[in-house]
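Single-structure report; data block below.
The values are calculated or read from the model by the stated rules, or taken from the named source; none is laboratory data. These numbers come from a predicted model, not from an experiment. FYI the Cβ positions are ideal-geometry reconstructions off the backbone, even for glycines, and counts take in every protein chain you see. Ligands, DNA and RNA are excluded from the accessible area calculation, which covers all protein heavy atoms including side chains. Shrake-Rupley method; radii C 1.70, N 1.55, O 1.52, S 1.80 Å.
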Amino acid sequence: MQWDLGAQGLALLVAMSLAFGAFTQLAFLGRGAWWAGVVATVGALLLGLIVSEVWFGWATEVELQPNIDGLSFDEVLVSYLIGGVIVLVARYMTRDRTREPTPA
């Protein structure tokens, strides 16, 4: 396997991962551990590398558009959007349920 991720593609992947980590940290603000955003950032970076360079690494630039300096941008973006839905579902599942229900 040949990795063809260039500096611009890697910088974009890091920026997207940082944005995903910030989104996760904001979603769990005051509810989760302080390191939730860090774990999400590292996980998103690894996921982006796997999606771009392993799952779609065989495709050429003609087959995958936009391909930004070796980064399969659309495929990585879709995986981050799916991850964002998972974060929102996890946030919903961990919401505060200790409040007393209002009487009917």
Could you list, in sequence order, the residues of segment 28-39 that are open to solvent by 50 Å² or more (accessible area, probe 1.4 Å) and assigned to a helix (DSSP H, G or I)?
-> Val38, Val39
In segment 9-27, how many residues are open to solvent by less than 30 Å² (accessible area, probe 1.4 Å) and touching an Asp or Glu at 6+ places or on another chain (Cβ under 9 Å)?
-> 1
Looking at Glu100, is it surrounded by fewer than 14 Cβ atoms within 10 Å (Cβ to Cβ), in contact with a strand residue (DSSP E or B) (Cβ under 7 Å, 6 or more places away or on another chain), of a type outside the set (A, V, I, L, M, F, W, C) and at pLDDT below 90?
-> no
Residue list for segment 44-60, restricted to those being under 18 Å from Val89 (Cβ atoms) and either free of Cβ contacts under 8 Å to residues at least 12 places away in the same chain or open to solvent by 40 Å² or more (accessible area, probe 1.4 Å) (or both) | Leu47
What residue, among those in segment 61-76 that are at pLDDT below 70 and open to solvent by 70 Å² or more (accessible area, probe 1.4 Å), is nearest to Ala15 (Cα to Cα)?
-> Glu61
Single residue of segment 1-43 satisfying the filter (polar (S, T, N, Q) and over 14 Å from Arg91 (Cα atoms)) that is modelled with the lowest pLDDT | Gln2
